[in-house]
1. Please pick out the residue among PRO266, PRO244 that is open to solvent by 20 Å² or more (accessible area, probe 1.4 Å) and either touching a residue at least 40 places away in the same chain (Cβ under 8 Å) or out of contact with any strand residue (DSSP E or B) (no Cβ under 9 Å at 6 or more places or on another chain) (or both).
2. Using beta carbons and a limit of 8 Å, which pairs, at least six apart or on different chains, have the first residue in the stretch 367-396 and over 14 Å from ARG328 (Cα atoms) and free of Cβ contacts under 8 Å to residues at least 40 places away in the same chain and the second one of a type in the set (Gly, Ala, Ser) and surrounded by fewer than 23 Cβ atoms within 10 Å (Cβ to Cβ)?
3. Examine the stretch 133-146 for a residue that is open to solvent by 70 Å² or more (accessible area, probe 1.4 Å), under 14 Å from PHE159 (Cα atoms) and over 16 Å from the mean Cα position of the chain (by Cα), and state whether such a residue exists.
4. Taking the conditions exactly as written (part of a loop (DSSP other than H, G, I, E, B), out of contact with any Ser or Thr (no Cβ under 9 Å at 6 or more places or on another chain), open to solvent by 20 Å² or more (accessible area, probe 1.4 Å) and of a type in the set (D, E, K, R)), does LYS298 satisfy them or not?
5. Can you name the residue in the stretch 178-201 that is in a helix (DSSP H, G or I) and either more than 18 Å from VAL249 (Cβ to Cβ) or of a type in the set (D, E, K, R) (or both) and, of all such residues, is most open to solvent (accessible area, probe 1.4 Å)?
6. Need the failing condition index for PRO53 against (1) out of contact with any Gly (no Cβ under 8 Å at 6 or more places or on another chain); (2) surrounded by 15 or more Cβ atoms within 10 Å (Cβ to Cβ); (3) of a type outside the set (D, E, K, R); (4) under 23 Å from LYS354 (Cα atoms), just the number.
7. Can you tell me which residues in the stretch 308-334 are at pLDDT 95 or above and in a loop (DSSP other than H, G, I, E, B)?
8. Scan the stretch 110-123 and give yes if some residue there is closer than 26 Å to GLN247 by Cα and not in a loop (DSSP other than H, G, I, E, B), otherwise no.
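The values are calculated or read from the model by the stated rules, or taken from the named source; none is laboratory data. Remember, predicted model here, so these are calculated numbers, not experimental data. Positions of Cβ are backbone-derived with ideal geometry, glycine not excepted, and every protein chain shown enters the neighbour counts. Please note that ligands, DNA and RNA were not included when accessible areas were found on the heavy atoms of the full protein model with its side chains. Shrake-Rupley method; radii C 1.70, N 1.55, O 1.52, S 1.80 Å.
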Amino acid sequence: MGQGQIPMFHDAGKTPLIKLLAVFIAVGLFAYPCSASEPVPVTGDALFLGYDPDADAGENISGAICFDDHQCILVADEMLAIQKISLFAADEMPTYQAGPTFGQFFGDHCTDISKKKACDEVDLEAIARNGRYILVTGSMGNKRKSGKRAKERWFLAQFLLNTNGKPHQGSLRVQSKRGLLMQLFGKHSTLQPYLEKPLQCGGLNIEGLATLGDQIFFGLRSPSGRDEGQAYVVQSPDSILTAPTKQQVEPTHLHVLNFKASDGKPLPHVGIRSLETLGNRLLIVTADAGVSKPGSRKRRDDMIARCASVPKGKNLSNIAGDAPLTPRLWIWDPAKANDPVEIAHLEGLYSDEKLEGIAVLGNPPSDAETVDLLLVIDGQKDVPPLALLRGVPVPP
């Protein structure tokens, strides 16, 4: 069982009850301007069993989507890690049951989930859905520790999930042409200098994904307007999935979003960590845009060389600070020229955890005043990888 996984109570290796109760008590969530219920840990079996243990997929959950019947799909940022779970959210102490994995559905991209080298390291950072079509994306960024390019992370795929919970044979569409996918971002002067650059100097890194109709929205952790409290969303027609050449990639739209603290001042160093569709609007999770500093002088010098063409790149300005930003939840309408509105932020035990994904539960009406969310925690410290957040307020 991976670190941070808490078994269900009927499992042999039980977590002491006092520790689990401490998780419930220590977690606080306060919303701006309304209040919401506290996150409740969701317990269950270890995730991504059968995958190469060296990949640690179960500790690196990066996104989730859920259907109306609380059947959910999780992704992790190791190998091609995709897994179905059944969520029992109505319980006072909610649980989940691990289901099948879909890595080998990707054919030559992943031929054996038990061997890390048999699967492309696409760095899946987000998942979205349009009806029963599932969309996943790689980070399209460089390797975090070395700063080196990673062409396999230029990866976008879609498949249809049957009502029986199995991928529909013949429905898989994979777009992994690096030069073609770069057209999504390279046409924007704000983003172009950051393509295939180390994350430590603001290199492109996708962590959010959502769909509205025939439009795909990519939420960027970096680059970002760190001093101005700005983060970016790139909107693309879904024809990118089947575009045969660079010349046939339709134009994309760059949204520059301003995130402000409760006092009206820009929220510095902010990056987008997750997107989720809610009606005709998007829910946005923000946290640190920055990443860890290079681990050695040699690695730092190598990254500086790679960052030479990036504005202020030699300063490696996208280094995370000592105090991580609190994960915040916002709502935003892409059709309007307005700024996102904060509806909640995490405090207590979850305030320094990495909230990497959210999924709306059930089928809330367009005028719902609150929604319930499944939270996905990456690289967990003191909590299980999944949590339930009930009664999040939704402004009209």
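1. On the way: PRO266 fails: either touching a residue at least 40 places away in the same chain (Cβ under 8 Å) or out of contact with any strand residue (DSSP E or B) (no Cβ under 9 Å at 6 or more places or on another chain) (or both).
Testing whether each residue is open to solvent by 20 Å² or more (accessible area, probe 1.4 Å) and either touching a residue at least 40 places away in the same chain (Cβ under 8 Å) or out of contact with any strand residue (DSSP E or B) (no Cβ under 9 Å at 6 or more places or on another chain) (or both) leaves just PRO244.
2. Once the first residue is over 14 Å from ARG328 (Cα atoms) and free of Cβ contacts under 8 Å to residues at least 40 places away in the same chain and sits in the stretch 367-396, no partner that is of a type in the set (Gly, Ala, Ser) and surrounded by fewer than 23 Cβ atoms within 10 Å (Cβ to Cβ) comes close enough.
3. First, pick out the residues of the stretch 133-146 that are open to solvent by 70 Å² or more (accessible area, probe 1.4 Å): 133, 143-145.
From what is left, the residues that are under 14 Å from PHE159 (Cα atoms) are 133.
Adding the requirement that they be over 16 Å from the mean Cα position of the chain (by Cα) leaves 133.
Within the stretch 133-146, one or more residues are open to solvent by 70 Å² or more (accessible area, probe 1.4 Å), under 14 Å from PHE159 (Cα atoms) and over 16 Å from the mean Cα position of the chain (by Cα).
4. Numbers: part of a loop (DSSP other than H, G, I, E, B): no; out of contact with any Ser or Thr (no Cβ under 9 Å at 6 or more places or on another chain): yes; open to solvent by 20 Å² or more (accessible area, probe 1.4 Å): yes; of a type in the set (D, E, K, R): yes.
Considered against the rule, which asks whether it is part of a loop (DSSP other than H, G, I, E, B), out of contact with any Ser or Thr (no Cβ under 9 Å at 6 or more places or on another chain), open to solvent by 20 Å² or more (accessible area, probe 1.4 Å) and of a type in the set (D, E, K, R), LYS298 comes out as no.
5. So in the stretch 178-201, the residues in a helix (DSSP H, G or I) come out as 178-181, 183-186, 192-194, 199-201.
In the following step, the residues that additionally are either more than 18 Å from VAL249 (Cβ to Cβ) or of a type in the set (D, E, K, R) (or both) were identified as 178, 193-194, 199-201.
Values: ARG178: 87, PRO193: 33, TYR194: 40, LEU199: 10, GLN200: 2, CYS201: 4 Å².
Per the stated criteria, the residue is ARG178.
6. Of the numbered conditions (1) out of contact with any Gly (no Cβ under 8 Å at 6 or more places or on another chain); (2) surrounded by 15 or more Cβ atoms within 10 Å (Cβ to Cβ); (3) of a type outside the set (D, E, K, R); (4) under 23 Å from LYS354 (Cα atoms), the odd one out for PRO53 is (2).
7. Correct list: ASP333, PRO334.
8. Step one: filter the stretch 110-123 for residues closer than 26 Å to GLN247 by Cα, giving 122.
Retained after the next criterion (residues that are not in a loop (DSSP other than H, G, I, E, B)): none.
Scanning the stretch 110-123 turns up no residue that is closer than 26 Å to GLN247 by Cα and not in a loop (DSSP other than H, G, I, E, B).
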